[in-house]
Amino acid sequence: MLTDVETIRIEGGVLGELYLRHAPQALRLAYLLTGDARLAEDIVQDAFVRLAGRMLHIRSPEGFHAYLRTTVVNLVRSHRRRKAVELRHQEQRTVQVPLEPPDISARDELRVALIALPVRQRTAIVLRYYEDLSEAQTAEVMRCRGSTVRSLVARGIFTLRTSLRKD
């Protein structure tokens with residue numbers, strides 16, 4: 001009757017023998033790099049799967065450990081990069097809930113003050129700050145020069161500041 005190890009050697013051939021010989025060291029390396037036993041197991045399995053396709057390119061079985069070590073380290077790096085990208089993406093998608101409700105009266109005051117501006121100043125401010133157009137884009141929409149847009153925005157903001165301070 002065959003033991004499990006002998007069955008693996010017969011079924012797995014050379015790769016099975018290499019797995020039995022090198023997996024514990026690779027697992028230890030992956031665990032030390034990740035700090036997570038399950039992730040380390042996954043990485044080692046992935047490393048062996050990747051190396052299984054490259055068995056023909058390995059010149060000697062003694063060099064397998066070096067290939068395996070490099071593959072494990074690269075897989076850990078890839079995992080970390082992927083996780084960092086995921087975390088950045090999650091942080092960007094996380095909606096920041098304001099601690100205090102917005103002051104609607106201030107918004108209404110700003111709206112009233114904005115409507116009180118001359119049409120060209122109001123248009124320049126709305127296009128620049130609410131529509132987020134560049135100075136050149138705003139000038140194109142308003143059919144004027146960029147310097148005119150700068151002037152209109154500056155005068156409009158000055159008027160808004162002074163009118164909001166009085167109240």
Rounding to the nearest 20 debye, state how big the charge dipole of segment 104-166 is about its Cα centre with +1 on each Lys and Arg Cβ and -1 on each Asp and Glu Cβ.
300
Expressed in nm to one decimal, what extension gain is obtained for the pair Leu39 and Val141 from 0.36 nm per residue of sequence separation less their Cα-Cα distance?
31.1 nm
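For segment 104-166, state the average projected area of the convex hull of the C-alpha atoms over all orientations, rounded to one decimal in nm². It would help to have the intermediate numbers written out before the result.
Values: hull surface 16.1 nm².
Orientation-averaged projected area of the Cα hull: 4.0 nm².
Every number here is computed from the coordinates shown, using simple stated rules; none is lab data. Note that the coordinates shown come from a computational prediction; the quantities given were computed from them, not determined experimentally. Backbone-built Cβ (ideal geometry, glycine too); neighbour counts: all protein chains shown.
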